[in-house]
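Read the structure below first, then the notes.
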Protein chains: 2
Amino acid sequence: MQNKYTTYILNEQKLDNYNLLLNETLFHNANGYIGVRSVFEEGYPDGFESIRGQYINGFYDFSQMKQAENLYGLTQEKQTMLNIADTQSIILHLEDEKFSMFEGKVLDSIRWVDMEKGVTGRYVQWRSPKGKEIELTIIRMTSFHQLTLFTTSYEVKPLNFSGEITIESSHDGNVLNYTDCNDPRVADDGIRYLTPISCEIKKGASYITSKTTKSNCTITSCVKNILLQDHERQFTIDNNNAICQMTTEANLGGTIKLIKYAVFCDSIRYEDCREQAGVELEKALSTSLESLYKKQEDYLSVYWNNCDVKIEGDDELSRAMHYNLYQLIQSVGKDEHSNIAPKGLSGEGYEGHYFWDTEMYIEPFFTVTNPSITKNLINYRFSILEMAKENARILGHSKGALYPWRTIMGKECSGYFPAGSAQYHINGDIAYSIIAYYLATKDLSLLKEKGGEIIFETARLWMDTGNFHNDIFYINDITGPDEYTCIVNNNYYTNVIAQYHLNWAVKVYDLLKNTEIFDELVNKIDLKFEEIEDFHAAADAMYLAYDSKLKINPQDDSFLQKRRLDLQKIPKDKFPLLLYYHPLHLYRHQVCKQPDTIMAHFIIEDVQSLETMRNSYDYYEEITTHDSSLSDCIFGIMAAKLGMEEKSFDYFCHSAKLDLKDKHKNTKHGIHTANMGGNYMAIVYGFGGFRLKEEGIFFAPILPVKWVSYQFKISYEDSRIIIIVKEDICCFRLEHGSAKTIHVYDKIYHLKDMLIINRRYNKEERS
Amino acid sequence: MQNKYTTYILNEQKLDNYNLLLNETLFHNANGYIGVRSVFEEGYPDGFESIRGQYINGFYDFSQMKQAENLYGLTQEKQTMLNIADTQSIILHLEDEKFSMFEGKVLDSIRWVDMEKGVTGRYVQWRSPKGKEIELTIIRMTSFHQLTLFTTSYEVKPLNFSGEITIESSHDGNVLNYTDCNDPRVADDGIRYLTPISCEIKKGASYITSKTTKSNCTITSCVKNILLQDHERQFTIDNNNAICQMTTEANLGGTIKLIKYAVFCDSIRYEDCREQAGVELEKALSTSLESLYKKQEDYLSVYWNNCDVKIEGDDELSRAMHYNLYQLIQSVGKDEHSNIAPKGLSGEGYEGHYFWDTEMYIEPFFTVTNPSITKNLINYRFSILEMAKENARILGHSKGALYPWRTIMGKECSGYFPAGSAQYHINGDIAYSIIAYYLATKDLSLLKEKGGEIIFETARLWMDTGNFHNDIFYINDITGPDEYTCIVNNNYYTNVIAQYHLNWAVKVYDLLKNTEIFDELVNKIDLKFEEIEDFHAAADAMYLAYDSKLKINPQDDSFLQKRRLDLQKIPKDKFPLLLYYHPLHLYRHQVCKQPDTIMAHFIIEDVQSLETMRNSYDYYEEITTHDSSLSDCIFGIMAAKLGMEEKSFDYFCHSAKLDLKDKHKNTKHGIHTANMGGNYMAIVYGFGGFRLKEEGIFFAPILPVKWVSYQFKISYEDSRIIIIVKEDICCFRLEHGSAKTIHVYDKIYHLKDMLIINRRYNKEERS
């Protein structure tokens, strides 16, 4: 019996283009290294569209990005995550008939994602045009235990016949990235990035090694088909493609089982990827599939134990939350060569680039549930620090590092710098996330080895970007998170995170001063004490604009003097606005794609009064379109913070099933990982009122009225705390680790084993 | 004897790439319709670069302009002025030897531009490797009398031999635009825009008709070679190319003369351009070449009489000024299908697009010397008004027109909108120039027929771009003239010209109110009286920023709080900055490419005190790089205005020979027409202190100390005034027309015949 919360099941499948593409995304398999879109093994008939992709996180080629008008320093070349050799294809022949969902009759059909077992499943009962009935059960897994491995278990059970069946399992190196000439956002001109350089059969396995055109990367995929009964086998092979054809006898009532092992090794991680592919295949074959399944389940068991969020009172939402968190562990890179893309490994939207989504939407989840993953993500940032320095030089800064707005291997991939490279806040975001990791773990080693260096190099950039004028520190000509307003002065979000960043650069300097690595570090990056003094002075003098009439923080210097865009008057089919309005039109109006000042109030809440935050909330909410999937969750969190519980819940409900309900109508291009992290935050930081600060951890739980209870866990320093919120009480239980001081509803408590707080009493007291 | 002021002579020719390309520009022929770069008729040897171009003003094809990141409304297609069929080639064979400047020995070589006769000349005395000596005299003319006509007179005189000579004269339709793969600014991917569709010989003339790839334009070129002595003639013809080979006997002491007629007709101007080419050829042949030369000289005689500027005391400067004014009449379009490009018709820089240069740098010359040319230029703007409305819609404005920043046929060609389409001031510039035309001529017909409509439609855009906020009218998110700062709020130049524009829209409304066209016009554009009231209110409430500490007008809202760029510290080889610094770096600093606020102070001087203008001048001069060729002249003019006579003269000297001395190192791509207009302004508006205002015309002459005297003419209403400035006096003489009131040194005089004003006395009085 499948767990209703941890299995997402689709019973009725519509075989139209829209649903096929959507389900390719929703049922994809990934483990942070490999991602496989869930195309039917046997494919679709001609005329159906498919984004038939398999991807390796961080495996890319360079692609020319011609600028319409070339200015100095503009990005001329981007990176693209590549669609790699296709190992999905399995075609089933029942004598002269070929299995297809689009012919004969589908008697039953189910697909599922089992989030405890870590597999996707497909069950089909089918009658062929000539009347043969079969049952097909297909289980796919991208292994968390062995990241290079993707398995497909393919079971055929004849229901009303015995006879010969043939299974054709392909391994195809002839692949292109997805293009859509009607949609310029994915129009890629059908460039051949990856060219097979060898295709061979060795010990019954096919190996295809392919090379990228420009980035000089290589990848080997290896496929081995194991059919668990007597059969005849024949290979057809050319330069690009290896097909293994297996013919066997099917007996009524019996089951034929094929296990298809596919392993992938790339030259970014492995010196000799062809050789390593052999090693990886051996490794996979050295243990039984059942044992691999067991390891998958074990891995996830630990994962869920670390992070699970339980909601009592809304099964569907509860399952949606599981789905969100499951996709995060599927998507996140597990080594320093990769990170987590906005679409994870589920599609080609945003070309597999990494953005600030990582630090501001996804790490807040991992940092307090699986901090080692955050550490990994920070390691990735460290691995591209040198390129971030080069990027800063391109932008005219003689010192410091500026992280690229979007990248795979470290070079900027943004083609339109006003909404890309100009988003300097990414430096602050990265610093913020390193500080959060430190605050959650008190693990100084990361700061010593990598984090400190990142924080100092990125802090330097504020000093060269901003400047003192009449004793105030201004930051001009940058772009904040809201891309409907570009290249502005004193964007509140940017200034407030820069202030936090600079203040923490000083603190980190003090933290590291007496450690053994200090001298080496300051020598390495030539850090002068005067710089630290300057950081301090700039943070102190940082300009944080406040409008005394409206009693809000203006998004930037000129935002409030612009005309407000009346969103009510804009037809519904003109959203998202960026697809229907010229950027200058948007820039000229008070309109926000997503939270900007509101985001700043969320992440750094102690520099403004509740009243200012409430006024800002009311003000900006009216002019925010939520055209970005990064929007609802933050508005939900801040609604909770500001006492608008119902509104908070509404935002959450809209956001929680964004992909499952395809609310942005683009899930076919991939899931929205930042939104998924945001949904976690909506519960924990929103309803739970959780905050991680220098002063400790804070909670202020509320309970959505429709829920009976909910619970989540927070890893903090050496401890883990389970938080259960019910109508009357909230309960804090120390699952393991030492006793902690915690702040609940602004009071300080000592948590030793268990702490129960009367919510009613507190609520009354607060109101 | 050639006039030393009106003939530019080059005696010594360096046959290197740099000089060949530069001279192709400097000695080009043009008449506002055709432009022919001055390539050697016989070409250069392999390995030499040549921009072997012939152009038709306003004849274009569309070319894809792919955006690196495509946003709504970004320009995806630009127009490119095309290199048309090559009619320059004439190859001379002396039996088995071919004339070449790069072989044998050049005994003498001179090139010249005769600005009274309107021709360029080339004289060569040459000894062949085998010892044959010849004298070559080549005269080229693009006819002002017959715009479609380009003639080459080619004379060969054998100096030490008699014998057979063969002249090969080609007409080649196989042409591409110039590309330089090392320079992205002219890297055009070698696209074939123009394809010959027919190539034929008829009545001894070759006709090549070519069609553009995308714009559906056609052009016919027709060439007829007339050799004025007995000869044998043979045509070689293929699909693209017609070669006329003429063999004759040369006699020692005699002269062989070939006249090559080339005519060009395009489908933008002519319904049947093939047929029209025949008509035009007949027309050219119906009169003698001498008579065509005479008409050319007559045309220029009138031109010079209208506009000549004479400088006594510096022959070289005087000649340079003639060169500037000559290039303006060569470059300016003579019909509503064309305008004047930054490079005129002398090269492919800026792709033959038209910019604000027309209105703000070139019309100020024509308006007071040849106002009918200004009228023509305004007619061109009217012809693209509908497209300017469409452009406004693309940018999100539901009403009004926004002229494209750069265009040929009316659609925006700017690939980078922050420094392109965002320069909304072009609307104000066009209105300003129409008003100036009206002020200079009091010709109401233009306002009635076209000018009023333009002024109203463009004024509407300010209302939708700017907005009231606390009773002040702000204009946000536009770009001013200075492209080192983009997308700013309340750019002083923009706000001040918008105010002027709006005020004049009200005045024009009043001027037209009682005319016969009024009802039709307001109906046509649905102009409401309330709009006029709004124009008035916005002009009244226009925000013109003033910094009370520095006592200057800030360039925009945030300019002064940015860090100043210390230009002294930047190495000389890093200029122009735009080629060496990322735009964001420039945007973030106080640095100007060219006058912005200073330009505003020049064109609308009465809204600020002299003190504010002087302070602004000092402030901005220090941070202006003059990387634009539009800079020096304005700084020179304002220096004169503010009493810095020496500085004014220095700016003028630097600017006057910009092309002749190739000071910007890019004259090979074409002359700088705006600078040429600016040089006129530097004398007349600068030294002469001339201003054209609603209140009348104003003068405040100064005399550069190195000069003995200078003089210029101003056409004003029905009159023309000659102004002569000497050390002691300035003299105003009414050349024709009715008596006028003029303002000299801020005093009012009545000019009937002649007025002589003591400069000394006035100077003392003023100081």
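Before moving on, here are some points about what is shown:
- 7 Å along Cα→Cβ, label-point gaps from residue B:548 to other copies, nm, shortest first: 1.4
- Pairs with C-alpha atoms separated by more than 21 Å, drawn from the list B:572/B:593; A:389/A:411; A:375/A:399, are A:375/A:399.
- For the pair residue B:528 and residue A:738, a Förster radius of 60 Å applied to the C-beta separation gives a FRET efficiency near 0.20, rounded to the nearest 0.05.
- Percentage relative contact order, the range B:7-295, counting C-alpha pairs under 8 Å, at least six apart: 17 percent
- Diffusion coefficient, µm² s⁻¹, Stokes-Einstein with Kirkwood Rh over alpha-carbon pairs of the range A:688-767 at 37 °C and 0.692 mPa s: 258 µm²/s
- Annotation for residue A:749 and residue B:105: the two label points, set 7 Å from Cα along the Cα-Cβ direction, are 10.7 nm apart.
- Residue-averaged beta-carbon neighbours from other chains (10 angstrom radius) around A:409-421: 3
- When +1 charges are put on Lys and Arg Cβ atoms and -1 charges on Asp and Glu Cβ atoms, the dipole computed for the protein assembly as shown relative to its Cα centre reaches about 580 debye.
- Peptides A:77-83, B:328-334 ordered by packing proxy, namely the average of other Cβ atoms within 10 Å per residue, highest first: B:328-334, A:77-83.
- The angle between the Cα long axis of helix B:645-656 and the main principal axis of chain B comes to about 30°, on a 0 to 90 degree scale.
- The range B:486-592: relative contact order in percent, alpha carbon pairs under 8 Å with at least 6 residues between: 35 percent
- By average C-beta atoms within 10 angstrom, highest first, the peptides B:277-287, A:603-613, A:649-659: A:649-659, B:277-287, A:603-613
- Label 7 Å beyond Cα on the Cβ vector: residue A:611 copy-to-copy distances, nm: 4.2
- Counting only aspartates and glutamates at least 8 places from residue B:14 when in the same chain, those with an alpha carbon closer than 16 Å to its own are B:24, B:49, B:103, B:108, B:662.
- Expressed in units of 2.2 N^0.38 Å, where N is the residue count, the Cα radius of gyration of the range B:7-295 is 1.04.
- Taking θ as phi - 60° and the Karplus parameters 6.51, -1.76 and 1.60, the scalar couplings of the range A:135-151 work out to 10, 10, 10, 10, 10, 10, 8, 9, 6, 6, 6, 10, 4, 7, 9, 10, 10 Hz in sequence order, x denoting glycine and proline.
- Residue-by-residue Karplus 3J(HN,Hα) for the range A:80-86, coefficients 6.51, -1.76, 1.60, Hz, glycine and proline x: 9, 5, 9, 6, 9, 3, 8
- Teacher prompt: residue B:705 distances to equivalent labels in other copies, 7 Å Cα→Cβ, nm: 8.7
- Spatial separation of Cα centroids for the range B:528-597 and the range B:33-54, in angstrom: 41 Å
- For the pair the range B:73-114 and the range A:228-248, the centres of their Cα atoms are 67 angstrom apart.
- Scattering profile of chain A at q = 0.08 Å⁻¹ [log10 I(q)/I(0), Debye over alpha-carbon scatterers]: -0.68
- Amide H contacts of residue A:480 (H built 1.01 Å from N, under 5 Å, at least 5 apart or other chain): A:487, A:488
- Calculated mean residue ellipticity at 222 nm for chain A: -9000 deg cm²/dmol, from DSSP H runs with n ≥ 4 weighted as -39500 (n - 2.57), summed, divided by the residue count and rounded to 500.
- Shielding by partners for peptide A:556-563, expressed as the average number of C-beta atoms from other protein chains within 10 Å of each residue's C-beta, is 6.
- Distant-in-sequence amide contacts of residue B:107, defined by a placed amide H-H separation under 5 Å and a gap of 5 or more residues or a different chain, comprise B:125, B:126, B:127.
- Anisotropy class of the range A:336-451 from Cα gyration tensor, a/c 1.5 cut: oblate
- Residues whose amide H comes within less than 5 Å of that of residue B:344, counting only those at least five positions distant or on another chain, are B:673 (H built at 1.01 Å from N in the peptide plane).
- Charge tally for residue B:157 (other residues, Cβ to Cβ under 10 Å; Lys, Arg +1; Asp, Glu -1): -2.
- 3J(HN,Hα) along the range B:265-275, derived from phi through the Karplus expression 6.51 cos²θ - 1.76 cosθ + 1.60 where θ = phi - 60°, amounts to 9, 10, 6, 6, 9, 10, 4, 10, 6, 5, 5 Hz, with x in place of Gly and Pro.
- Counting every alpha-carbon pair across the range B:1-146, the share separated by more than 22 Å comes to 51%.
- Spacing of the modelled spin labels on residue A:19 and residue B:472, each 7 Å from Cα toward Cβ, amounts to 6.0 nm.
- Here the relative contact order of chain A, from alpha carbon pairs under 8 Å that lie six or more residues apart, stands at 11 percent.
- Share of pairwise Cα-Cα distances greater than 57 Å in the protein assembly as shown is 36 percent (whole percent).
- For residues of B:70-78, the mean tally of beta carbons on other chains within 10 Å: 5
- Counting only aspartates and glutamates at least 8 places from residue A:4 when in the same chain, those with an alpha carbon closer than 15 Å to its own are A:114, A:116, A:308, A:312, A:314, A:315, A:316.
- Cross-link table B:641/B:661; A:528/A:693; A:663/A:740; A:66/B:214, entries beyond 30 Å C-alpha to C-alpha: A:663/A:740
No value in this document is a laboratory result; all are computed from the given coordinates. These figures come from a predicted structure and were not determined experimentally. Because the Cβ atoms are built from the backbone with ideal geometry, glycine has one as well, and the counts that use them run over all protein chains shown.
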